[in-house]
Structure formats: structure tokens, C-alpha cells
Amino acid sequence: MTWLDIVLFILGFVLLIKGADWMVEGASALAKKLNVPDLVIGLTIVSFGTSAPEMVVNIIASLNGSADLAIGNILGSNIANIFLILGIASLIRGLDVQVTTVWKEIPLSLLCILVLGVQLNDGLFDGGTTNVLSRGDGLILISFFVIFLYYTFGMAQKGEFEAEVPEEALHMSTAKAIVYTVIGLVALPIGGHFIVEGATALARVLGWSEAVIGLVIVGVGTSLPEVAASAVAAYKGKTGIAIGNAVGSNIFNIFWVLGLSALIKPIPFDLGLNIDVLVTIFASVALFGSTFLGTPRQVARAEGAIFLLVYALYVGLRVVFGEELVQFFR
């Protein structure tokens, strides 16, 4: 791995994250000029745009045959969304959790990973000789995603869900909006390609598996927009948005990103990654349980600190004892 590879790997994250921002801002501005309601823009363009980094990396990794990187990216992102992102946000300000989030969205995020866990373990649940996220599995995940969108639109119409349009999009000219959209659409695949190629090279140099690279580095890198959004929301006192960003991203990642990736090309599954599936399940259960500890319906600073310690422990064990853990689950 040369210095050029390292530079391109870092540049990939810049292009991926900024490309998603530019695409969302440009497309939102164009939609506004076409008189599309803010609610629709927020729930479609903005929501899909925030999942664009994970989606692009997954599609490219899957097409390149890097299945472990594709699945590791999603599992790593979902684990980081709860333990890392909400941990950081709750240290800034205790996060108040809405009743609907406690009893509907968090359980739905748990359902996501439980369904995925069953789909990935064909040998365990139906006696299959191979374990793969098939196109049929992808179609099931997409179907769940459509139901989730229907639910989200209903919540937003009742005023129980906040869907924001980027402020930049409100004052952008048509020409600038087109340029931003085009640049964003071009930057996304280029950035994704650099990341996948860099992650593969990094795995060879460090002696880590592509799954660990996806879990520890790529998964966190593609979650950076959620880190910024949740931290800013917590600082401004909009703690419901901070929780919603993390939980909503987890649902999007599994139902939409992995569903679409599997539809494009089936993704083989290494049974060793079941350790990370279990940690993802534990993360959702821990978030649900934290809303009943201490102050009801709140993730307090103390709980956020515990989340960060758990995440540090997970990363440390996964890096140091990754191969031993993988062999145990195979």
C-alpha cells in the first residue's frame, strides 16, 4: 500500500460525504423549484441522501466480490450509530426520547437485524449448504422498507416526525442546483471506488480481514454525516432528532441499503460475522433498555458514557481477537 493509496482512501471519504451533501442540496433545491412539498423532500431526497455513502460503498464492494466488506460496512455503521454516535450526542446533552421512538422505531430497528440474521444464516434455519443474502431476501427487505416509509409519512403528517429541508436549498439558483446535483452524483461513485480499493489494500497491509476494515473503519467513516448531524442536534437541544437520525439510519441501512445491494447481486455471508450480528442486536436492546433506566425516556450522560466504553471494548476485542472470535462462530 503506497502513500498514494492512503491519500486516495482518505479522498474517497471526502468525495463520498461531500458528494452526498451536494447531491441532497442540489436535488432538494430543484424539488423546491418544482413545488414539491417540504415533507416529501425531507422524507425522500434528504433521507435517501444520508444513506448514500453506505449504499454506494456496499454496491461497489458487492460488485467487486468484497462481500465481507459490504456486510461489515452496514453492521459497523449500525453499531457505531448507537454506541458511538448516541454516546457522543448524549454526553453533549441528555437525549429525550419520544414515546413513539421507544415503542415503535427502536423495536423496528431490532426487527431489522433479527430478520437479517435469519436471512444470512441459511444453514442454521433451513439446512442450506451455503449462507447468502439472496435476491429474494433483498426483495423481502425492500418490502419492509416500503412499509417503513408508509409509517414515516403517516407520522410526519401528524407532526410527530420532523423532516427538514437543507437551508442552503432554499436560496439556491436553478443553475447552481443542477451543478451541485451533477457533481454529487459523479463524486459518490468515485469516492466509493477509492474507499473499496483502499479498504482492500489496507486489509492486506494490516493483516486484518475485509470484514474488520468494514466494521471498524469504513462503517464509522460512512456514518460521519450522522455523527455531525446528531451532535449538532444535541447541542441545539433537538435531542429527538439526534435519536431519530441514529435509529432511522439503522433501519435504512438494513432494509434499503442491504436490500438493494442483494437485489443487484447476492451477497455471500461468512458465519464468523455472526458475532457482529449479535453485537448489533445487543446495541438495539441496550438502547431500548436505556430509555427505562434513570430518567424515563431519556439516554442520560452516564448511559452515553457506558455506550462509548462498550464501543471501545467491542472495537478493541474485534481488532485484537477478531480471528479467534470468527473461528468460534464458524
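Residue ranges 49-58, 229-238, 121-130 sort as 49-58, 229-238, 121-130 when ordered by packing (mean number of other C-beta atoms within 10 Å per residue, highest first).
Could you tally the net charge around residue 212, taking each other residue with its Cβ under 12 Å from the Cβ of residue 212, Lys/Arg +1 and Asp/Glu -1? Show your work: numbers first, answer last.
Values: positive: 318; negative: 68, 210, 270, 276, 323.
Counting the neighbours of residue 212, the net charge comes to -4.
For every other residue with a beta carbon closer than 11 angstrom to the beta carbon of residue 298, add +1 if it is Lys or Arg and -1 if Asp or Glu, then tell me the sum. The answer is +1.
Determine, from the Cβ-Cβ distance of residue 135 and residue 295 and an R0 of 35 Å, the FRET efficiency 1/(1 + (r/R0)^6), rounded to the nearest 0.05.
Once rounded, the FRET efficiency stands at 0.20.
Using the Cβ-Cβ distance between residue 143 and residue 63 with R0 set to 22 Å, the FRET efficiency from 1/(1 + (r/R0)^6) comes to roughly 0.40. Per-residue packing, averaged as other Cβ atoms within 10 Å, sorts the ranges 75-88, 15-28 into the order 75-88, 15-28, beginning with the highest.
Here the relative contact order of the chain, from alpha carbon pairs under 8 Å that lie six or more residues apart, stands at 40 percent. For the pair residue 35 and residue 228 in one chain, pulling the backbone fully straight at 0.36 nm per residue adds 66.6 nm over the alpha carbon distance. Each peptide in 166-177, 259-270 receives the mean, over its residues, of other Cβ atoms within 10 Å, and ordering these scores from highest gives 259-270, 166-177. Using C-alpha pairs under 8 Å with a sequence gap of at least 6, the mean separation divided by the residue count of segment 130-254 gives a relative contact order of 17 percent. With q set to 0.07, 0.11, 0.14, 0.15 Å⁻¹, the log10 of I(q)/I(0) for the chain, from the Debye formula over equal scatterers at the Cα positions, is -0.27, -0.68, -1.13, -1.30. In this simple spin-label approximation, residue 118 and residue 178 carry label points 7 Å from Cα along the Cα→Cβ vector, and these lie 4.9 nm apart.
The phi torsions of segment 282-295, fed into the Karplus equation with coefficients 6.51, -1.76 and 1.60 and a -60° offset, translate into couplings of 4, 4, 5, 5, 5, 5, 4, x, 5, 6, 10, 8, x, 6 Hz, rounded to whole numbers, with Gly and Pro shown as x.
Only the coordinates and a few stated rules stand behind these numbers; no lab work does. Just so it is clear, the model here is predicted, and its values are computed rather than measured. Don't worry about glycine lacking a Cβ; one is built from the backbone with ideal geometry, like all the others, and counts go over all protein chains shown.
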